[in-house]
Amino acid sequence: MDTSASSSASNNHRPFRLFSLRTLGCFVVGVVAIATLVGLFFVEEDWRGKHAWENYESEAEARGVDLNFADFIPAPVPDDQNFAMTPFLKPLFDFNPKPLQPGQSAWRDTNGYNRIMNFATNRNLNGPSQSALSVIGSGHLANLPAIAGKMANLKDAQTNSLTSSAAAQIVLDNLAQYQPVLDEINDASHRPYIRFNIGYNDEDPAAILLPHLAVIKRLTMVYQLQASANLALNRTDAAAADEKIIFYLANAFPHEPFMISILVRCAELAIDRQVIWEGLAQGKWSDAQLQEFEERYRKLDFARDARQSLDSERAAFGVRLFDYIRANPSFLGSISDDSSQLGNLFSFVPKGWIYLEQVSYNRGFDRYVLPGFDPRTGQAFPKEIEKAGKPESQNPMAHLLHHDILISMLLPSVEKFYPKIAIAETGVNETIAACAIERYRLANGKLPDTLDQLVPKFLDQVPMDVCNGKPLIYHPGEGRNFTLYSVGWNQTDDGGKTVHNSTKTENSASPIPSEGDWVWPSYAGE
């Protein structure tokens, strides 16, 4: 037996075995060490992020900031006293319990839901006929012949030969199909409360359904068309009743904690102002009717409501949504163009980083959103809004290191929000002034020389220009015409000149010009 060979072979293998065991041991120790370091890193970052958020919460609470979304939710009201629970509207928020089964509708009464969503969507109220419904600022009455021609399937020659009265009658005859619903809405408007039973308790605030906004908008358009036709037929009492319902519908969700709700209110009040303007342009409102319009508009406070919607938006998206993101980081994929990458990123980073993103969002709210206007006076600050703008653009790594990736996706766009609020508030103030001017003319047979002459009999005070904090500008003209305007978003007095090259913005019934003045339309030629 060759023991030397055996010993040699054994010695040749031993170093390899010793090296393998030593390498494996080092590898295991290294893995454990790295895992420990990673674990410690996650624990430290989770603590750091949560601690930063708790510090911010304490700081915000000391400043009087309410970050509890539940505090902004309207209190429940009895169904039989709630406008939103009238039979026509009730199915909108009658939901099936979650989680839904595959293919199951969110709505329990699908037939009722579809009936509501299809209300007034037929061809007679869409397309060309809808564009013939003028918007405030256009300076034109509703084009009733064009609308009537569409409704009655008339040829162009027949449409062009229609008188305003004949066209108005065709419109009213066609709208008779909606009368049962309108009668129900009229009756329900006498209920003392309005609260749509929105799914406020949904964990994901971005998924809360708001189907009533589109339905209420269509209802206001039906009433607008009816009011225009009634004015053309000198049925001013009926037209005033239509305006009252439009105003009611425009304020059917004043306390909903969503920015979109107040933006839809802006659009619907623009419809209401158009009806008031059409009656003024035709000289058909009585002093009592004008006084009623004026009194209703004086009760509006868009600055207060806008601030409430911003505060509630912050609570919903700056607190509740971040709670949802921490529990469901892949959700971020649904709000990002770079969906999978962003969702994957936040699935593997420390939860503390999401807390740090939450702090960045809320500090961004303080810096970029809130300085836009004074909720006490209603004055907007266009230059401050432009100066604040949005967070500076950085490369993705810088955003990651500064923990402000989500600001650009979640922070409200003040460049769109504030001008819409400002022009709505301007419209409110100009409507009040225009009604008072007409009341003065009816009483004195002439226009006032200045707005100061309207105080105190026709106005408590001269309405303010929300863009500069000064009184609205007014110049009497010939006959019933006058010039009434705000200096607009550029804060420059352009002599009552309106710039028409602006574009229509989402959820706004009229263009929002950044140049030129915001002018109450002239009555000339109407």
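The table below lists the values:
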| quantity | calculated |
| --- | --- |
| Tabulated pairs, region 101-120, first free of Cβ contacts under 8 Å to residues at least 60 places away in the same chain, second surrounded by fewer than 15 Cβ atoms within 10 Å (Cβ to Cβ) and among the aliphatic types (A, V, I, L, M), C-beta under 8 angstrom, 6+ apart or interchain | none |
| Region 207-240 - residue that is open to solvent by 10 Å² or more (accessible area, probe 1.4 Å) and in contact with an Asp or Glu (Cβ under 6 Å, 6 or more places away or on another chain) and, of those, farthest from Ala316 (Cα to Cα) | Gln226 |
| Total residues in region 293-312, condition open to solvent by 30 Å² or more (accessible area, probe 1.4 Å) and assigned to a helix (DSSP H, G or I) | 7 |
| Which numbered condition Phe331 misses (of (1) under 18 Å from the mean Cα position of the chain (by Cα); (2) modelled with pLDDT under 85) | (1) |
| Residue within region 173-192 that is closer than 28 Å to Ala252 by Cα, of a type in the set (Val, Ile, Thr) and modelled with pLDDT under 95 present | no |
| Restricting region 436-461 to residues that are surrounded by fewer than 20 Cβ atoms within 10 Å (Cβ to Cβ) and β-branched (Val, Ile, Thr), the residue that is nearest to Thr483 (Cα to Cα) | Thr450 |
| Residues that are of a type outside the set (S, T, N, Q) and open to solvent by 10 Å² or more (accessible area, probe 1.4 Å), drawn from region 247-270 | Phe247, Tyr248, Pro254, His255, Glu256, Phe258, Met259, Ile260, Leu263, Val264, Cys266 |
| Selection count, region 420-467, where residues are under 22 Å from Ala303 (Cβ atoms) and either part of a helix (DSSP H, G or I) or in contact (Cβ under 8 Å) with a residue 12 or more places away in the chain (or both) | 26 |
| Which listed residue, of Glu515, Glu506, Glu478, is modelled with pLDDT under 90, in contact with a Lys or Arg (Cβ under 8 Å, 6 or more places away or on another chain) and open to solvent by 60 Å² or more (accessible area, probe 1.4 Å) | Glu506 |
| Residue satisfying condition, being under 15 Å from Ile246 (Cβ atoms) and among the hydrophobic types (A, V, I, L, M, F, W, C), within set Leu172, Leu182, Leu209 | Leu182 |
| Region 365-388, residues that are touching a Gly at 6+ places or on another chain (Cβ under 9 Å) and free of Cβ contacts under 8 Å to residues at least 60 places away in the same chain | Phe365, Tyr368, Phe381, Glu384, Ile385, Ala388 |
| Qualifying residue in region 376-384 (condition: touching a Leu at 6+ places or on another chain (Cβ under 8 Å) and either at pLDDT 85 or above or surrounded by 15 or more Cβ atoms within 10 Å (Cβ to Cβ) (or both)) | no |
| Residues of region 282-292 satisfying the condition of being in a helix (DSSP H, G or I) and in contact with a Lys or Arg (Cβ under 9 Å, 6 or more places away or on another chain) | Asp287, Leu290, Gln291, Glu292 |
| Filtered residue count, region 250-273, keeping only those that are closer than 20 Å to Gly318 by Cα and outside any helix (DSSP H, G or I) | 4 |
| Only one of Arg191, Arg218 that is in contact (Cβ under 8 Å) with a residue 24 or more places away in the chain, of a type in the set (D, E, K, R) and assigned to a loop (DSSP other than H, G, I, E, B) | Arg191 |
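The values are calculated or read from the model by the stated rules, or taken from the named source; none is laboratory data. The structure displayed is predicted, hence computed values, not measured ones. No Cβ is skipped: glycine too gets one built from the backbone with ideal geometry, and neighbour counts run over all protein chains shown. Surface areas here come from the heavy atoms of the whole protein model, side chains and all, with no ligands, DNA or RNA. Shrake-Rupley method; radii C 1.70, N 1.55, O 1.52, S 1.80 Å.
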